Amino acid sequence: MPELPEVDWCGRSLARWSAGRRVVAVEVLDPRSIRAHRTARPTDGHPNGRAAVEAVVLGRPPGPMERHGKRLLWTFGARALLLHLGMTGRWTRAATSFPKVRLHLDDGPPLTFGDPRLLGGVVPLELADGRAALRDELGPDALTDPLPPFRGRRPIKVVLMDQAVVAGLGNLHAAEALWRAGIAPTAPAESIVGARHTALAAGVHAQLEFARRLLDADEEVAYVEDAGAANPFPLYRRGGEPCPRCAGPIVRDVHAGRSTWWCPGCQT
Ligand SMILES: [Zn+2]
């Protein structure tokens, strides 16, 4: 499932694939993937989606990509496309299952948005509206902003996944960052102060950089949930295996409905 590193990879890849090129045609294979505003609901499809995307991308060169948390804003002069990947979305130059939107370039393979679950999408906007939507209801970015102070007694793993507190972490990278920091996923958020807060900030950053380096080795993005995908993570889906740090058994618990793999031996 795409989290900050996968979204970041997507943005950098789209920018690289389109550098020096122009979009010459927009193909909408599923109108539900073009949204009139920022929403995960396929029923909120844009009534005139193809024309709205064409009004953004045709006739002006692709500009810089902006990112906040798990959202991307692809700028085209005074207009932009807000891109969100949802749970299963990906942009690719390869053949993909469930293609939804395709941007044809004047040179090279087209850029295709595939999204089996339809929770992601493309939102054509004026640039100022796009910049507002990029950060709307989100906390600071998990990679580029300082980790905020935490309050309340909710488990820190749950709080790290709350996009209004810190934007970009999901189930996998939140759990792995906590392991790197030696902090139990069940620790109350308000207990993460001083040296523990410093350790968590370092753990989050190290985890996101680790994931970025893994992704940079590949020409196309792979999600760890993909059939046949490698699992390069020390804890994820490794219940019962020895912890790489203390050799104690990794356990799987469920927090707020999501599986968490962690090590009770070295996470406190
Ligand atoms: Zn351990």
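Of all the numbered requirements in (1) free of Cβ contacts under 8 Å to residues at least 60 places away in the same chain; (2) assigned to a helix (DSSP H, G or I), PRO5 misses one, and that requirement is (1). Has segment 218-241 got any residue that is of a type in the set (A, V, I, L, M, F, W, C), in contact with a helix residue (DSSP H, G or I) (Cβ under 8 Å, 6 or more places away or on another chain) and within 16 Å of the ligand (Cβ to nearest atom)? Yes, that holds for at least one residue.
Take the conditions (1) closer than 19 Å to LEU4 by Cβ; (2) within 15 Å of the ligand (Cβ to nearest atom); CYS266 misses just one of them, which is (1). A Cβ distance below 6 Å, combined with a sequence gap of six or more or placement on separate chains, defines the contacts here; from segment 246-268, residues that are assigned by TED's automatic domain parsing to the domain that holds TYR236 reach residues that are part of a strand (DSSP E or B) and more than 16 Å from the ligand (Cβ to nearest atom) in the pairs ARG252/SER259; HIS255/PRO155. On inspection, THR43 qualifies as in contact with a helix residue (DSSP H, G or I) (Cβ under 9 Å, 6 or more places away or on another chain), modelled with pLDDT under 95 and either surrounded by 15 or more Cβ atoms within 10 Å (Cβ to Cβ) or more than 24 Å from ASP226 (Cα to Cα) (or both).
Checking each residue in segment 244-268 for being over 22 Å from GLY170 (Cβ atoms) and not in a strand (DSSP E or B) picks out ARG245, CYS246, ALA247, GLY248, PRO264, GLY265, CYS266, THR268. Condition test on LEU214, is it within 20 Å of the chain's Cα centre (by Cα) and within 13 Å of the ligand (Cβ to nearest atom)? No.
Checking the structure you have, find out if any residue of segment 194-201 is out of contact with any helix residue (DSSP H, G or I) (no Cβ under 7 Å at 6 or more places or on another chain), within 16 Å of the ligand (Cβ to nearest atom), hydrophobic (A, V, I, L, M, F, W, C) and within 24 Å of ASP145 (Cα to Cα). Within segment 194-201, none of the residues are out of contact with any helix residue (DSSP H, G or I) (no Cβ under 7 Å at 6 or more places or on another chain), within 16 Å of the ligand (Cβ to nearest atom), hydrophobic (A, V, I, L, M, F, W, C) and within 24 Å of ASP145 (Cα to Cα). Scanning segment 198-215 turns up one or more residues that are over 17 Å from LYS70 (Cβ atoms) and modelled with pLDDT under 95. Taken as a whole, the structure leaves ARG238 outside the set of residues that are without any contact (Cβ under 8 Å) to a residue 24 or more places away in the chain and part of a helix (DSSP H, G or I). Number of residues in segment 136-192 that are surrounded by fewer than 17 Cβ atoms within 10 Å (Cβ to Cβ), within 16 Å of the ligand (Cβ to nearest atom) and among the hydrophobic types (A, V, I, L, M, F, W, C) equals 0.
The values are calculated or read from the model by the stated rules, or taken from the named source; none is laboratory data. Nothing here was measured: the structure is a model prediction, and the numbers come from that model. A quick note on method: Cβ atoms are made from the backbone with ideal geometry, for glycine too, and the neighbour counts reach across all protein chains shown.
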